[in-house]
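All remarks here apply to the structure that follows.
The values are calculated or read from the model by the stated rules, or taken from the named source; none is laboratory data. Here the structure is a predicted model, which is why all the values come from computation and not from measurement. Neighbour counts are summed over all protein chains in view; Cβ atoms, including those assigned to glycine, are modelled from backbone coordinates with ideal geometry.
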């Protein structure tokens, strides 16, 4: 069990380093509104991990940037592999718990298996098979995998299509989803691709 815990910790540390690299690339390009310099303006997060049970300090901070030019001062939050938008659970938990919920017939069994409330799992399932399938990132991912992704089995069918073994497939999927983790950096996929 200790070895498994260490693998999980190393996985999240790798995601943190990736997020840091993406943030540095965004910072070097400057403010997209006025071209001014971007400075670190991180903010605290209190993410939930469900049954993963790993809590590292590297996940307590969401990297963010703030324009240093007077009159602008706009915030830019780079894409993230650790956080899936504003959800309180870390992105890996959203994906893995959603996959487990697909295999469990009863909501209480899914809750016991994941540590995520059944209503939350249901909401995530609706998101994967509803709003997610009309997003540009889903269309891009669907075009890259053959055979086609089974929409009624999302996110499991997408995770299965990744051509690398687990946990690298989870990291690859988080990288593909990173552009939807922020609205203030609309060309986020360009920064993510440059760091992968």
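Could we say that residue 133 is modelled with pLDDT under 90 and touching a helix residue (DSSP H, G or I) at 6+ places or on another chain (Cβ under 9 Å) here? Judged against the criteria, residue 133 is not a match. Within region 137-187, being modelled with pLDDT under 80, in a helix (DSSP H, G or I) and within 28 Å of residue 28 (Cα to Cα) holds for no residue.
Residue check: is residue 134 exposed (fewer than 15 other Cβ atoms within 10 Å of the Cβ), under 19 Å from residue 178 (Cα atoms) and either outside the structural domain of residue 16 (by TED's automatic domain parsing) or in contact (Cβ under 8 Å) with a residue 12 or more places away in the chain (or both)? Criteria met by residue 134. Considering only residues in region 86-127 that are assigned to a loop (DSSP other than H, G, I, E, B) and at pLDDT 90 or above, the one that is nearest to residue 173 (Cα to Cα) turns out to be 116. Just to be sure I understand, how many residues within region 30-67 are exposed (fewer than 15 other Cβ atoms within 10 Å of the Cβ), touching a strand residue (DSSP E or B) at 6+ places or on another chain (Cβ under 6 Å) and modelled with pLDDT of 95 or more? Residues meeting the conditions: 1.
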